[in-house]
Amino acid sequence: MKYISNKIVCGALSMLALMGTTACSEDFLDEDAGHKVTDALLNDETGALKMAAGLYGNLRWHFGYEWAYGITLYGCDEFTNGADLTSECWNTYDNRLNPLDCTPALGAANKNCPAVSALWDEMYYGIATANLVISKAVNVENEAARNKALGEAYFLRAYNYYRLFCQYGGVVLQTEPANGEIKKDYQRASEDETLAQIISDLEQAYKMLPTDKWRGNGTWTKYTAAHFLAKALLYRQSERCASWASKYDKSTDLNRAISLCDEVIKACPLAADYWDLYAKWTGVDCKNEGLSEILMAAEHNEDKSTQGRFGNRTYNYFDPQFSNFSGGWVQRGQYIGGMDFQRCRPTEYTYSVFDNVNDARMWKTFKTVYGLNNIAKKDADVMEANGITEDQVPDIGNEGIIFILNKKSDTRFDGNPYGTFGRGGDAHSFVNPRTGKWVPNAFVTFQDGKYVLNTYTGNTATSNVFCGINKTADGSRTAEKGDAHRDVIMARTGETYLVKAECQVRLGQYQEAINTVNVLRARGQWKQGENRNYYTDGSMAFLKADGGDNDNSTANANSVKKNKDKAGNILTNTQAYYATMLHTNTYYLSTGIEETTDASDLQIASYTQLPAEDVAVLNAIGATSDYDRMLNFIFNERTRELLGEWNRWDELARTGLLVKRAKAFNPEAAPNVQDRHNYRPIPQTFIDQLQHEDGTNLSDAEKKAWQNPGY
């Protein structure tokens, strides 16, 4: 048998080795990852399906390291950098973001700065394997098996080219396997050609993929393809394509996209409660990972033999650096679902765009309370340093850190009637009026009509104090820095509604767009009888008694950080968990309203009367026409519904809103961001290897012509 070229096998095997992590179905997990890849394997029904299963592993790359947020969330309006500057240049757009990979020698803070070449290389690995499956799967006699394998291959090729297109524009289109040939005379396709290839592949995937998740959770279905096909058609009618897309009928593209969205919405309904998507994650392969709303996910589990190179590291990126600023009162460990790497710090815009009274999504997304899990100082010293009384001194299990997510118009904390705010290491006197206890770390978002949450460390550009989000929290980790085991949602029906609504906006159907968004907002309202003061997140997977599916294997061990009570006793991880996970939030402290279990109302009656939160954003960016107002409203709603869900940069660049919104709402990006940043630089490592067909090297002028403008 003739073995496939090593160049292709490199990409294929890297995914085959990961195939066991791409679904919750036992059969899918147990696919044989150790075989040799041969032409004969791909001529066989079973072999073709195994090879197609290997395609799923390529998704896990997106969430293995710092590029997860660096290329998707940084440099936009929702997040800025914290004090850790690992990926700073992707947020600030300074001169380190250029065609060369940013290393410490070239100004990076450390070796983990996302490389410009990373996405380019990894997407082409996946494309190479997809090409191989497409070329060989046609030999499979069983039509159903052949279509499944082909559908999956066409989908991954389309998805990878879509990611490349979003970041770089026109790219190299390689649709045939290399078969051992080393090629260096590539041509760069136009944007039109690249997006046409994406749409063509998605059309093929849409026709061939089954409607059911036949491999188990994580299976790409007809509806996964429909969602991305709708996005691709919408992209073609978006601002970044305006210079060449006029030959495509706007109404045809957008109405087809709406029809596809309706198909997805009907077949894959929304989860009943926003909690279920992220916060109520109860453990590895838990029930909520199979929600019908989830259209695509990078699958993970705890089987180390199938883990491969890229584990789930996303739990590191959204928490503040609590172990550093808390003064020792809150220690980190696997009993807290997130590590405090403080990469993604929400901006003032992100806190402000929510209706903090009526939008339950805010309180089911932001983690506003950390319980006190270590006694850092003696009672007498705490009383003397902070000017509090003995009955106000907190104990294990009281509040250790709180974030008050109030509004700019809120005057309740002006003049510090409940004491001053501050970090655990700074003297301050805030006593929570709801508990009567001093809080070692207490922070308000707005005071005296000013945004102050970024001021508690003295440097507003690199603060490690912020209220983070919980969408990646994972209490199943068995070590403080161990890999997470939860799936990472990459597409869901909640976004499908917003794709449909944007298509309606582009067709001038503004009230119809409001009606579409109102469906999401109805889910986001507080329900009758709901406890607005209750909180949970994926930390709950740590203990069965607190809602997890199983006890963490480290539950009875002493805590890694040696959390101690007032008597000096070291807490077990279980004790540290209960001390930390208080299942409460700062809702009533943040809003000042009377306690209620009534339902709330987020419904918008007319596009001419948008919520106050939206009007403030529209005024800040000067959006006055109906179209601009509604397009930006859709992006505000994207924040409320999809915050932190890995596509903000792509979406803002698509619509031409990146520069305007980054300048308005991201203080660290504002000084440098400009129009050229709607595209990423083509990796110089790729350009430098290009040659003419006769083997001669490209001239400097020819290399420059390959590069995106401005780089």
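The values are calculated or read from the model by the stated rules, or taken from the named source; none is laboratory data. On a predicted model such as this, the values are computed, not experimentally measured, just so you know. In this analysis, Cβ positions are derived from the backbone assuming ideal geometry, glycine residues included, and neighbour counts consider all displayed protein chains. Just so you know, the surface numbers come from the protein's heavy atoms only, side chains and all, with ligands and any DNA or RNA stripped out. Shrake-Rupley method; radii C 1.70, N 1.55, O 1.52, S 1.80 Å.
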Worksheet item: Of GLY47, GLY425, ASN110, which is farthest along the charge dipole of the chain in the positive direction, counting Lys and Arg as +1 and Asp and Glu as -1 at C-beta?
Response: ASN110
Item to complete: Obtain the nm distance between the two label points defined at ASP426 and THR211 by a simple spin-label model: each point lies 7 Å from its Cα along the Cα-to-C-beta direction.
Response: 5.9
Worksheet item: Given R₀ = 25 Å, FRET efficiency for ASP626-ALA670 by Cβ-Cβ distance, to 0.05?
Response: 0.40
Practice prompt. Show the residues, 5+ positions off or on another chain, whose built amide H is closer than 5 Å to the amide H of ALA491.
Written response: LEU295, MET296
Discussion item. With angles folded into 0 to 90 degrees, how steeply does helix 191-208 sit against the dominant principal axis of the chain? Use alpha carbons for both and round to 10.
Written reply: 90
Worksheet entry | 15 Å cut-off, amide nitrogen to a point 7 angstrom out along ALA616 Cα→Cβ, residues in the range 632-648 | 636-637, 640
Worksheet item: Once fully extended, how much extra length lies between ASP381 and THR435, figured as 0.36 nm per residue of separation less the alpha-carbon to alpha-carbon distance?
Response: 17.3 nm
Item to complete: With everything on Cα atoms, drop me the angle between helix 6-16 and the longest principal axis of the chain, reported from 0 to 90° to the nearest 10.
Response: 40
Fill in: Sorted peptide list for 294-301, 273-280, criterion being average Cβ within 10 angstrom, highest first
294-301, 273-280
Practice prompt. Taking semi-axes √(5λ) of the Cα gyration tensor in Å as the quantity of interest, determine which of (i) 43, 29, 25; (ii) 58, 29, 21; (iii) 44, 36, 25 was computed from the displayed structure.
Written response: (i)
Discussion item. For a 19 Å ceiling on Cα separation, which of these pairs sit above it: LYS50/LYS136; LYS213/LYS280; LYS377/LYS561; LYS213/LYS266?
Written reply: LYS213/LYS280
Fill in: Nearby aspartates and glutamates by direct alpha-carbon distance to LYS183 (threshold 19 angstrom, same-chain neighbours under 8 apart not counted)
ASP121, GLU122, ASP688, GLU693, ASP694, GLU702
Worksheet entry | Per residue accessible area of the chain, 1.4 Å probe, in Å² | 35
Worksheet item: Karplus couplings for the range 366-374 from phi (6.51 cos²θ - 1.76 cosθ + 1.60, θ = phi - 60°), rounded to Hz, Gly and Pro as x?
Response: 8, 9, 9, 9, 10, x, 6, 10, 7
Response to the item:
Expressed as a percent, the accessible surface of the chain that is carbon or sulfur, using a 1.4 Å probe and the full set of protein chains, is 47
Practice prompt. Tell me the GluC sites (Glu not before Pro) within the range 148-243 that lie in a loop according to DSSP and have at most 14 other beta-carbon atoms within 10 Å.
Written response: GLU181
Worksheet item: Using 12 Å as the cut-off for backbone N distance, which residues of the range 501-531 belong to the label zone defined by a point 7 Å from the Cα of ALA599 along Cα→Cβ?
Response: 522-530
Practice prompt. Return the long-range amide H neighbours of ILE404 (sequence gap of 5 or more, or a different chain), with a cut-off of under 5 Å between placed amide H atoms.
Written response: PHE443, VAL444, THR445
Worksheet, complete the sentence: In this structure, the FRET efficiency calculated for TYR588 and ASP551 from their beta-carbon separation, with R0 = 22 Å, to the nearest 0.05, is 0.10
Item to complete: Note the full-extension length gain between ASP101 and THR608 as 0.36 nm times their separation in residues minus their Cα-Cα distance, in nm to one decimal.
Response: 177.8 nm
Response to the item:
The extension gain from ASN112 to LYS450, computed as 0.36 nm times the residue separation minus the Cα-Cα distance, is 118.2 nm
Worksheet item: If you count, for each residue, the other Cβ atoms within 10 Å and average over each peptide, how do 336-348, 697-709, 384-396 line up from highest to lowest?
Response: 336-348, 384-396, 697-709
Practice prompt. Please give, to one decimal in nm, the separation of the simple spin-label points placed at THR460 and TYR534, each 7 Å out from Cα toward the Cβ.
Written response: 3.9
Worksheet item: Does the range 103-216 classify as rounded, prolate or oblate by the C-alpha gyration tensor (a ≥ b ≥ c root eigenvalues; a/c under 1.5 gives rounded; else a/b over b/c gives prolate, otherwise oblate)?
Response: prolate
Worksheet item: Where nothing but the Cβ of Lys and Arg (+1) and of Asp and Glu (-1) is charged, how large is the charge dipole of the chain around its Cα centre, in debye to the nearest 20?
Response: 580
Worksheet item: Between ILE182 and ASP395, how many nm apart are label points set 7 Å from Cα along the C-beta direction?
Response: 7.2
Worksheet entry | C-alpha long axis of helix 493-506 to longest principal axis of the chain, angle in ° | 70
Worksheet entry | Protection-proxy order for peptides 66-78, 503-515, each taking the mean of Cβ atoms within 10 Å per residue, highest first | 66-78, 503-515
Item to complete: Count neighbours as other Cβ atoms within 10 Å of each site's Cβ, and list the GluC sites (Glu not before Pro) in the range 533-618 that are DSSP loop with at most 10 such neighbours.
Response: GLU594, GLU595
